[in-house]
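This report concerns only the one structure given below.
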Amino acid sequence: MLKISLKEGQYVNIGDDIRVVYVGGSGNHGRLLIDAPREIRIARSTVEQNPERKKDTYYPEPEISRQAQNEIRRILWNERQKGKN
């Protein structure tokens, strides 16, 4: 397992197709944008209060909205433009 620290706007590439962008946060909460091919399944784990329920249950995230997809594209495009300067 790799543990890294990122500043707002910094990102991590995983392979050639996945980019994880840190977009900020406060306290114990951080916000990430994940740009990955549609066929890659991404699931968020949560802290489940009931250990019996957590054991064998999978809770898929709802599909990301078109607005969120456009925001991710805008942020990634801005990051690429910063790298060119």
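The values are calculated or read from the model by the stated rules, or taken from the named source; none is laboratory data. As the structure is a computational prediction, the values presented were derived from the model and not from experiment. Cβ sites come from the backbone with ideal geometry, for glycine too, and all protein chains shown count toward neighbours.
Across the stretch 39-48, which residue is surrounded by the fewest Cβ atoms within 10 Å (Cβ to Cβ) among those that are at pLDDT below 75 and either among the hydrophobic types (A, V, I, L, M, F, W, C) or in contact with a strand residue (DSSP E or B) (Cβ under 7 Å, 6 or more places away or on another chain) (or both)? In this case the residue turns out to be Val47.
Within the stretch 26-47, residues that are under 20 Å from Ile75 (Cα atoms) sit with their Cβ atoms under 8 Å from residues that are among the hydroxyl-bearing types (Ser, Thr, Tyr) and surrounded by 11 or more Cβ atoms within 10 Å (Cβ to Cβ), at 6+ positions apart or across chains, in these pairs: Gly30/Tyr22; Arg31/Tyr22; Leu32/Tyr22. Checking each residue in the stretch 1-25 for being free of Cβ contacts under 8 Å to residues at least 24 places away in the same chain and either loosely packed, with under 10 Cβ neighbours inside 10 Å or in contact with a Lys or Arg (Cβ under 6 Å, 6 or more places away or on another chain) (or both) picks out Met1, Leu2, Lys3, Ile4, Ser5, Lys7, Asn13, Gly15, Asp16, Gly24, Gly25.
Yes/no matrix, rows are residues, columns are (1) surrounded by 10 or more Cβ atoms within 10 Å (Cβ to Cβ); (2) within 22 Å of Val12 (Cα to Cα); (3) modelled with pLDDT of 85 or more; (4) in contact with a helix residue (DSSP H, G or I) (Cβ under 9 Å, 6 or more places away or on another chain):
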| residue | (1), (2), (3), (4) |
| --- | --- |
| Gly30 | yes, yes, yes, no |
| Asn50 | no, no, no, no |
| Arg53 | yes, no, no, no |
| Ile64 | yes, yes, no, yes |
| Glu71 | yes, yes, yes, no |
| Glu79 | yes, yes, yes, no |
| Gly83 | no, yes, no, no |
